[in-house]
């Protein structure tokens, strides 16, 4: 750790031409990246430290450029060393969208976030021969495997019967086939209230976009509206889905009821994955803070399954066998 810190300080001294600066660590996210607030000459920036043995900076730079070209507000990169894994970025401040979602403001702020999403979905998915990865059937299966491996097995210590294991695999097969029918667009993959910043200008700034892919057109919408960190009444969520459907030419390719069902199916896939991810963060990465978000994620999962005729066997399994510690 100290070696990494020394390398960062040496790089910053070179970048800033030996100017005096202050560096303060910021709260980390669910990745191996670390962030610092850098202050010098009355200027405030963010320093990203992405250890090259754990993270590659290429996706961050590519996706940031694609988003910026489309007109989405992302942090400007002021200095970067891809080999060492260091970058100096715009400082978007500390105001997460999540912290501003009061009853008085939530409507206008979500309309802003939905408008940004419409722009984002028009973003290119390749540049100079470099393509974003595809959120394809193999990738979905890999993500759903996190639910089985980390949530059921590692976190709940559940021993599945052969018939339960078969039923879960059949559920995954059906879900993957259904989601694969959706039109493919640029997807952020973690578009929610902790990755959207409210800037002093009133604009929304988008962060944590390096895992973007080409994927189903309802994915980011469900990430935002069925956020694992905050819950809204189902009637309100439906209104926002309708707002998005009305204003998005891509969404209007599908009748509203079909679009709404596609939205719910993407939500199921995402929330099953997230149950696995939050469990893995706790068990493997010693990050217990995400355990408090498991109940809401499980609630989203059960609420949809209850109404999904095709998945009643899986719903009964979830109802009878899942009990959070």
Ratio of the Cα radius of gyration of region 239-319 to 2.2 N^0.38 Å, where N counts its residues: 1.33
Distance between modelled label sites at residue 239 and residue 14, nm, 7 Å Cα→Cβ extension: 5.5
Kirkwood Rh and Cα Rg combined as Rg/Rh, the chain: 0.98
Radius, Kirkwood style, for region 9-113 when every pair of distinct Cα atoms is counted (Å): 15.5
The chain: calculated mean residue ellipticity at 222 nm from DSSP helix runs of at least 4, using -39500 (n - 2.57): -14500 deg cm²/dmol
FRET efficiency estimate (nearest 0.05) - Cβ-Cβ, residue 31 to residue 5, R0 22 angstrom: 0.75
Distance from region 37-69 to region 1-30 (C-alpha centre basis), Å: 13
Computed label-point distance, nm, for sites residue 100 and residue 124 using a 7 Å Cα→Cβ extension: 3.0
Cα gyration tensor, region 161-314 - rounded (a/c under 1.5), prolate or oblate: oblate
Segment residue 200-residue 70, length gained on full extension (0.36 nm per residue, minus Cα span): 44.6 nm
Pair residue 58, residue 293: separation of 7 Å Cα→Cβ label points (nm): 2.8
Sorted by Cβ density within 10 Å, fewest first, the residues 226, 73: 73, 226
Residue order, fewest to most beta carbons within 10 Å, for 241, 83: 83, 241
Sorted by Cβ density within 10 Å, fewest first, the residues 80, 228: 80, 228
Cα-based helix-to-principal-axis angle, 106-120 vs the chain, degrees rounded to 10: 80
Euclidean distance between Cα centres, region 157-198 to region 281-318, Å: 11
Stretch gain in nm, segment residue 134-residue 229, where the contour uses 0.36 nm per residue and the Cα spacing is subtracted: 31.6 nm
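Any read-out appearing in this document is the output of simple, stated calculations on the displayed coordinates, not a laboratory observation. Not measured: the values here are computed from a predicted model. Virtual Cβ from ideal backbone geometry, glycine too; neighbours counted across all protein chains shown.
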